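Trainee: First the structure, then my questions, so here it is.
The values are calculated or read from the model by the stated rules, or taken from the named source; none is laboratory data. All of these numbers come straight from a predicted model, not from anything done at the bench. Counting neighbours? That spans all protein chains shown, and the Cβs are built from the backbone with ideal geometry, glycine included. Just so you know, the surface numbers come from the protein's heavy atoms only, side chains and all, with ligands and any DNA or RNA stripped out. Shrake-Rupley method; radii C 1.70, N 1.55, O 1.52, S 1.80 Å.
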Amino acid sequence: MGLPNSVLQIASGIKTMKIRGAGRIARSAAEALKYAALEYGGVREVSEFKKYMVEAGKLLISTRPTAVSLPNAVIFVLRNLRGVSNYEEARESVVKAADAFIKNSEEAVKRISEYGAKRIKEGSVVLTHCHSSTAVEVIARAYSEGRVVKVYNTETRPFLQGRITFTHLRKYGVPVVQIPDSAVRYIMHEVDYVVVGADTITSNGAVVNKIGTSQVALAAKEARVRVYVAAESYKFSPLTLIGELVKIEYRDPEEVVPRDWLDKHPGVRVLNPVFDVTPPDYIDAIITEYGVLPPQASILILIDKLGWTLESIKYSENIVENLEKIIE
């Protein structure tokens, strides 16, 4: 049987980027799998139901193959089909898993802010880079508890996402000093903690985040300042365990220099990488909704919390083709 319209509409929304953001994509995928299970009208046999759910999972993953939160959500939900031999039990397990994923995702940032704030001592100065709603919540929570007295916030050139962070922190009443990216090392001697977010976390604990993060972490390491990464579990990438590298996106040179300048200097090339990679040795802890862990323990999130197994990770290079094997 074909997939219901509710699933197709969500898949289309993800593909056309009407549904955006790691958290929203992941929750929407889980919701689509729940709809698929509830609206299943085929033969009431486990084998047929599993094939149908795998079809739904493949469709969802294929909509945004590079969005790490998407396959993690699908694996989390469908892993509950492992070893189930009864149709009703299989259907119920998918629905319950989808509800659990959505609830946990919605509560993740709150939990991370609680865990993260406890890691910051009273009267501290914090530095943050770029914009991460999760990092903002950690800092705001710490401020409300009297742990943070001042925040240094980078502009984060060239797209200036740091100004978004500045605005959000000020809404919480947090005292913020905005600085150019190049001033990070200059003021690091005043800083007690660096708190940043993440776009992707590799299996060995390296963090892919906004360009400049690795330089911030390097300056912090030199000054013996602790670096905390605040990130939801679905930002951990299984592909990196088998040697797959995280692709670094490059954006329009006009974000760096204006078009008229480029036109006057036709021989000049401009490089505008969006992300860089911070080695795990420069990170003191990764704060997730499941607790605080050292970067080297990142693989435990993939296996214990997201449903990957050491056997299934080897199939992660092509998740769509190997979904059946991954959830076996």
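Trainee: For the range 1-123, what % of the accessible area comes from carbon and sulfur atoms, probe 1.4 Å?
Mentor: 46 percent
Trainee: Using every pair of alpha-carbon atoms in the range 1-112, split the distances into 10 Å bins beginning at 0 and state the percent of pairs per bin, rounded to integers.
Mentor: Pair shares across the bins are 16, 50, 29, 6, 0.
Trainee: In whole percent, what relative contact order does the range 53-157 give with Cα contacts below 8 Å and a gap of six or more residues?
Mentor: 21 percent
Trainee: Enumerate by residue number the GluC sites (Glu not before Pro) in the range 4-60 meeting two conditions: DSSP loop (anything except H, G, I, E, B), and at most 14 other Cβ atoms within 10 Å of the site's Cβ.
Mentor: Glu39, Glu45
Trainee: Looking at the chain as a GNM with Cα springs under 10 Å, which of Lys171, Lys221, Lys110 has the largest mean-square fluctuation?
Mentor: Residue with maximal mean-square fluctuation among Lys171, Lys221, Lys110: Lys171.
Trainee: How much accessible area per residue does the range 205-328 have, in Å², with a 1.4 Å probe?
Mentor: 51 Å²
Trainee: Given just the C-alpha atoms of the range 93-217, how large is their convex hull per residue in cubic angstrom? List each step's numbers first, then the result.
Mentor: Working: hull volume 15.5 nm³, N = 125.
Convex hull of Cα atoms, per residue: 124 Å³.
Trainee: Using alpha carbons only, how many angstrom separate the centre of the range 101-140 from the centre of the range 191-250?
Mentor: For the range 101-140 versus the range 191-250, the Cα centre distance is 15 Å.
Trainee: Round to the nearest 10 and give me the degree value, 0 to 90, for the angle of helix 133-144's Cα axis relative to the longest principal axis of the chain.
Mentor: The two axes meet at around 60 degrees.
Trainee: Choose one of Ala135, Val46, Val149: the residue whose Cα lies farthest towards the positive end of the charge dipole of the chain (beta-carbon charges +1 Lys, Arg; -1 Asp, Glu; about the Cα centre).
Mentor: With unit charges placed on the Cβ atoms, the residue in question is Val149.
Trainee: Counting only heavy atoms of protein chains, what accessible area per residue, in Å², does the range 63-128 have with a probe of 1.4 Å?
Mentor: 44 Å²
Trainee: Additional query: Given the Cα atoms of the range 203-328, and with Rh set as the inverse mean 1/r over their pairs in the Kirkwood sense, what is Rg to Rh to two decimals? Don't jump to the answer; show the numbers that get you there.
Mentor: Values: Rg = 18.5 Å, Rh = 16.8 Å.
Looking at the range 203-328, the ratio lands at 1.10.
Trainee: If you average the alpha carbon positions of the range 36-59 and of the range 274-294, how far apart do those two centres end up, in angstrom?
Mentor: So the two Cα centres are separated by 37 Å.
Trainee: Next question. For semi-axes √(5λ) of the Cα gyration tensor in Å, the listed values are (1) 38, 23, 18; (2) 52, 26, 19; (3) 32, 23, 18; which was obtained by calculation from the structure presented?
Mentor: Label of the calculated value: (1).
Trainee: Enter the mean projected area of the convex hull around the alpha-carbon atoms of the range 46-113, in nm², rounded to one decimal.
Mentor: Result: a mean projected hull area of 5.0 nm².
Trainee: Oh, and also: Compute, for the chain, the length of the dipole vector about the Cα centre, with Cβ point charges of +1 (Lys, Arg) and -1 (Asp, Glu) only. Units Debye, rounded to 20.
Mentor: Values: 42 positive and 39 negative charges, 113 e Å.
Roughly 540 debye, rounded to the nearest 20.
Trainee: Taking the simple approach of a point 7 Å from Cα along Cα-to-Cβ for both Glu107 and Arg20, what is their distance in nm?
Mentor: 3.0 nm
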